[in-house]
1. For segment 228-349, divide the Cα radius of gyration by the Kirkwood radius and give the resulting Rg/Rh value with two decimals.
2. Please report the orientation-averaged projected area of segment 14-109, defined via the convex hull of its C-alpha atoms, in nm².
3. Please compute the length gained on full extension between ILE138 and ALA276, using 0.36 nm multiplied by the number of residues separating them and subtracting their Cα-Cα distance.
4. Can you work out ³J(HN,Hα) from phi for every residue in segment 136-147, in order, using Karplus 6.51 cos²θ - 1.76 cosθ + 1.60 and θ = phi - 60°, giving whole Hz and x for Gly and Pro?
5. Output ³J(HN,Hα) for segment 225-242: one whole-Hz value per residue in order, computed from phi by the Karplus curve 6.51 cos²θ - 1.76 cosθ + 1.60 with θ = phi - 60°, and x for Gly and Pro.
6. Which chymotrypsin sites (Phe, Trp or Tyr not before Pro) in segment 229-301 sit in a loop by DSSP (not H, G, I, E or B) and have at most 16 other Cβ atoms within 10 Å of their own Cβ?
7. Enter the angle in degrees (range 0 to 90, nearest 10) between the Cα long axis of helix 2-31 and the first principal axis of the Cα atoms of the chain, meaning the one along which they spread out most.
8. Provide Rg and Dmax in Å for segment 252-294, with only Cα atoms included in the calculation.
Amino acid sequence: MKQWNKKVLVGVIAFLLVVLVFLSGFLVYQLNLQPVASQSETVLFEVEEGDSVAAVIARLSDEDIIKSETAAKIYARLNGLHQIKAGHFQLDKAWDTKDILRYLNDSGNAAAQQARITIREGMWAKDIAKELEQQLGISADEFIALWNDEDYLRTLIAKYDFLDESILNDQTRVKLEGYLYPETYHFDLQATKEEVTETFLNQFEQVYDSLKSDIERSSLSLHELMTMASLVQYEGQSKADMKLIAGVFYNRLAIDMRLESSVTVCYALYEDYEHAEDCELNSNIDSPYNTYLNAGLPIGPILNPGKDAIDAALHPQESDYLYFMADIYGDGKVYYAKTLEEHEANVSQYLR
């Protein structure tokens, strides 16, 4: 009898262990179906013709839209969600995997035909406008006019915390220069110029929110930070150089030394700019952007910087350097100097 009881006890324990393992696995499975974000964060996701369910789920995982590729595959198989449609979908990272898979299985959720447009770090607003013209058919002049329309800009200032009247300086070439955030976008072919503009600003807002505490601690206003970031973006190629270059600019500002950045001359030349040499040869051009003639930062951003440049403006690398130059005729390496004599030696060696 005791032997039988022992067998029963062992059987019960084994059964309970199996149940425990099953429940643990089911709990992990359910947790892996939960959203990746606690707050709404919309992203554009493209499913191409011929994409398999496995390939789509793998990409959802790679792009951090779902938590678990394995859990998603299991759920799709168990629920017959294997009819994922081709098209462009606007997904939300606050949705769970179940909602995302169901959404992708409904062709009615695919966006209208779209244009895929990549705005690169460092592009001028006028070049962004030309790219939009080619892809969307809205003239570049219309975009530039909108980005300088004070009435429209005031509606944006009321809508976005990061914009204020600093952008309304009548001397700036394009008042939204600096805020047209570099990223790859998908625009409906029927999108208006206002919708396009606010898509850029919505993307900028996400970056602003992620850096807001650092921005608030800065001694510079946001507009000044974006101006600094634009110089850093133009001058630097790597993250390390961007931080060092930002440090040089801050060192100069601290001792009331002019920034003397040739890239500000490039922007001052604007329509007359063709080659980097033009910037070096025209340091006397009369422009509020020219940091050879004017103390401090330019009157506004000179391009649209990416997050690395903004981060460098917020977190410059400390050093004793007051000068730098890039070997524009060679590999582009940046050389730094503490004194004018050292800087002139670098210029003689690499630029002459």
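The values are calculated or read from the model by the stated rules, or taken from the named source; none is laboratory data. Quick caveat: nothing in here was measured; it's all calculated off a predicted structure. Every residue, glycine as well, gets a Cβ built from its backbone with ideal geometry; the counts of neighbours run over all protein chains shown. Protein only, heavy atoms only, side chains kept; ligands, DNA and RNA dropped before computing areas. Shrake-Rupley method; radii C 1.70, N 1.55, O 1.52, S 1.80 Å.
1. Numbers: Rg = 13.4 Å, Rh = 14.4 Å.
Taking Rh as the inverse mean 1/r over Cα pairs, Rg/Rh reads 0.93.
2. On the way: hull surface 25.9 nm².
Directional mean of the projected Cα hull area for segment 14-109 stands at 6.5 nm².
3. On the way: separation 138, 0.36 × 138 = 49.68 nm, distance 3.02 nm.
46.7 nm is the gain from fully extending ILE138 to ALA276.
4. Rounded to whole hertz, the list is 10, x, 8, 5, 4, 4, 5, 5, 4, 4, 5, 6.
5. So the J values, rounded to whole Hz, are 4, 5, 5, 4, 4, 5, 5, 5, 4, 5, 7, x, 10, 10, 4, 4, 5, 4.
6. Qualifying residues, ordered by number: TYR273.
7. Compared with the principal axis, the helix lies near 30 degrees.
8. Radius of gyration, then largest Cα-Cα span, for segment 252-294: 10.3, 33 Å.
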